[in-house]
Amino acid sequence: MLNRICLLLSAILLVWFVSGCSESITETKPQSQQIDWLDLIPEEERLALSQQIQTLQAMPLHNEEAPGLDQQYGLGEVDYATSLAGENIRLAGFMVPLEGENGMVTEFILVPFFGACIHVPPPPANQMIVVRYESGIPASYFFDSIVIEGALEMTEFESNGIGIGYKMTATYVGPNV
């Protein structure tokens, strides 16, 4: 009888200990917030940007007024979603490689669509993230949608004359499945 009571108490203590350990483990691991590219644009700016794009789309393709329209409509000036600074985020996009070796990319720009930065003009600075990933991601992922996770930081980074407003040292980079 005493052995059964000891066994039962041991089992209860073991369950209590294991459940306590698992709670502390889940509390210390930061969860990544899934965001979309629009989340990188402050909410008050989204409506204004939408109206500017509609105005530009309504203009004829070959318009004498076309030079300088980006300045007239403020498309070169952007604000950033400062509320996301320091937050652990998860975001899908495409990479534009900056650094790497042996077929592995360790630094790249994450952009919202394939071919961004290759075509002119590049996306606005608040639609690009410089990502550093020490483990590297295969360069063959260049054509595929990937996902990044890590703490988002504000920055004033420039690469080949292109201003970039966010950076991240990624904790995870992989295929967007």
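Please list 3J(HN,Hα) in residue order for the stretch 32-43, calculated via the Karplus relation 6.51 cos²θ - 1.76 cosθ + 1.60 where θ = phi - 60°; whole Hz, with x for glycine and proline.
Per residue, the Karplus-derived 3J(HN,Hα) values read 8, 7, 6, 10, 10, 4, 5, 5, 7, 9, x, 3 Hz.
Placing unit charges on C-beta atoms (Lys and Arg positive, Asp and Glu negative, everything else neutral), compute the dipole magnitude of the stretch 100-177 about its Cα centre in debye, rounded to 20.
Value, rounded to 20: 140 debye.
What distance in nm separates the two pseudo spin-label positions at GLU43 and PHE142, each 7 Å out from Cα along the beta-carbon direction?
4.0 nm
Please state, to two decimals, what the Cα-based radius of gyration of the stretch 133-176 comes to when divided by 2.2 N^0.38 Å (N = residues).
Its radius of gyration relative to the 2.2 N^0.38 Å reference: 1.28.
Scan around ARG90 for amide H atoms under 5 Å from its own, H built in the peptide plane at 1.01 Å from N, and keep only partners 5 or more places away or cross-chain.
GLN33, GLN34, ILE35
Taking every pair of alpha-carbon atoms in the stretch 90-177, what share in percent sits in each 10 Å bin, from 0 to the bin with the longest distance?
That works out to 19, 57, 24, 0, in percent per bin.
Here, each number is a calculation from the coordinates, and none is a lab measurement. Note that the structure is predicted; figures quoted are calculated from it, not measured. Neighbour counts run over all protein chains shown; Cβ positions are idealised from the backbone, glycine included.
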